[in-house]
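> Dropping a structure here in structure tokens format, bear with me for questions.
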Amino acid sequence: MSAIIFDVLPIFVMILIGWLVVKIGLMKAEIGDALSDFVFKLAVPLLLFRTIAGADFHGASPFRLWIAYFSGVAVTWVAGHLAATRFFGRDERIGVISGVSSAFANTIFVGLPLVQRTVGDKGLVPLSILIAVHLPVMMIIGTIMMERAEHKISGGAERSMAKVIRQILQNLVRNPLVIGLAGGAAMHLLDLSMPGPIESIVDQIAGVAGPVALISLGMALQRYGVSGNVGIASVTSAFKLVLLPACVWAASFLLGLASDWTAALVLIASVPTGVNAWLIANRFGVGHSLAASTITVTTGLGAISVSFWAYILGGAAQ
């Protein structure tokens with residue numbers, strides 16, 4: 001257990017450092033936004049590019065991995081939606097935000113450095129395969145469900161599903177993560193290798209992706225907080241940190257995934273809620289406080305949940 005703590009604790013200490021440097025006024029929050037841009041637009045795309053370009057997939061199919069993870073997402077999303085609408089009596093829009101807050105993992109800023117540190121570079125392969133579809137799937141489903149909830153409540157004109165999907169896909173084509181993954185896949189399929197100096201530059205930039213991502217996340221937490229919705233945010237946080245990884249673990253076991261792939265998926269599922277939940281709430285102008293509270297609570301408790309699941313995974317592998 002002590003080894004697990006020493007692997008996990010630095011992840012959340014770096015988040016705390018980012019939060020503190022803004023809290024005490026050492027740096028402005030805007031610097032954190034600039035660091036986030038660097039991570040999202042350059043460092044992580046190069047890390048994904050390098051990982052996919054040099055990956056050994058051992059003939060493994062990605063479909064079982066996607067089924068294992070997204071079956072857990074489906075169960076958790078539905079649970080979050082029903083908790084908001086049936087138990088807390090909120091409308092359908094809050095139900096969608098509750099579902100997405102319960103099931104949207106922070107794969108890039110927390111999941112990536114966590115998997116790299118605890119599972120190793122071999123864990124980055126299943127993570128990259130998941131990232132390839134995670135954002136598109138979650139954003140498409142979240143946007144379509146919010147569009148329908150808005151139409152149901154306000155009675156306004158509803159955009160067709162084709163238009164919603166087309167708009168999201170157009171945005172994804174320009175997404176640096178998608179570009180990095182596509183470039184790495186092309187290198188892998190063509191069996192190409194980078195020249196030595198280029199590889200050295202890519203390695204150095206990719207190497208700082210994890211630490212900078214964590215610190216920039218901590219700096220961004222200043223804009224969130226726990227404001228109202230404490231009851232429902234506690235439920236969505238419990239679903240995110242407990243129910244989602246439990247479902248993913250069970251599905252991975254039933255589908256017979258390799259131990260390192262299972263570990264990567266479960267650890268990803270156990271990380272705090274991603275900021276995309278807040279972005280969806282902001283896009284539709286509803287549920288800001290619920291999404292923000294869930295992000296803050298899950299980040300605050302993330303070290304405990306991640307350590308617990310790492311311990312469980314370690315014990316199951318023995």
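> Can you pick out the pairs among LYS41/LYS163; LYS23/LYS122; LYS41/LYS122 whose Cα atoms lie more than 28 Å from each other?
Table pairs above 28 Å Cα-Cα are LYS23/LYS122.
> Now for a different question. Give me the percent relative contact order of the chain, please, defined on Cα pairs under 8 angstrom at least 6 residues apart. Show your work: numbers first, answer last.
Numbers: 470 pairs, mean separation 111.1, N = 318.
It rounds to 35 percent for the chain.
> Leaving ligands, DNA and RNA out of it, work out the accessible area of ILE17 with a 1.4 Å probe and give it in Å² to the nearest 10.
Ignoring ligands and nucleic acids, ILE17 comes out at about 80 Å².
> Can you tally the net charge around VAL100? Count Lys and Arg as +1, Asp and Glu as -1, for every other residue whose Cβ sits under 12 Å from the Cβ of VAL100.
Details: positive: ARG93, LYS240, ARG283; negative: none.
Local net charge: +3.
> Also: What's the local net charge at VAL125, with K and R +1, D and E -1, over the other residues with C-beta under 11 Å away?
Working: positive: LYS122; negative: ASP56, ASP121, ASP260.
Result for the neighbourhood of VAL125: -2.
> Counting helices only, and only those DSSP H runs with n ≥ 4, report the 222 nm mean residue ellipticity of the chain as the sum of -39,500 (n - 2.57) divided by its residues, in deg cm²/dmol to the nearest 500.
Working: 16 runs with 235 residues, N = 318.
Value at 222 nm, helices only: -24000 deg cm²/dmol.
> Sticking with this one: Please identify which residues in the range 254-281 have an amide N closer than 17 Å to a label point set 7 Å out from the Cα of ASP56, following the Cα→Cβ vector.
Those under the cut-off are 258-261.
> Taking the full set of protein chains and a 1.4 angstrom probe, give the accessible area of PHE88 in square angstrom, rounded to the nearest 10.
Counting only protein heavy atoms, PHE88 exposes about 60 Å² to solvent.
> Something else about it: How much accessible surface area, in Å² rounded to 10, belongs to the heavy atoms of SER154 with a 1.4 Å probe?
Approximately 80 Å² for this residue.
> Considering only ALA105, ALA162, ALA182, give the residue with the highest GNM mean-square fluctuation for the chain, with springs between Cα atoms whenever their separation is below 10 Å.
ALA162
> Something else: Amide H to amide H, which residues 5 or more places from ARG90 or on other chains are under 5 Å from it, using H placed in the peptide plane?
THR85
> Can you order the peptides 277-287, 214-224, 166-176 by their average number of other Cβ atoms within 10 Å per residue, highest first?
Top of the packing list down: 214-224, 277-287, 166-176.
The values are calculated or read from the model by the stated rules, or taken from the named source; none is laboratory data. Just so you know, these numbers come straight off a predicted model, no measurement behind them. Positions of Cβ are generated from backbone atoms using ideal geometry, with glycine treated the same way; all protein chains shown enter the neighbour counts. In case anyone asks, the SASA skips ligands and DNA or RNA and just uses the protein heavy atoms, side chains included. Shrake-Rupley method; radii C 1.70, N 1.55, O 1.52, S 1.80 Å.
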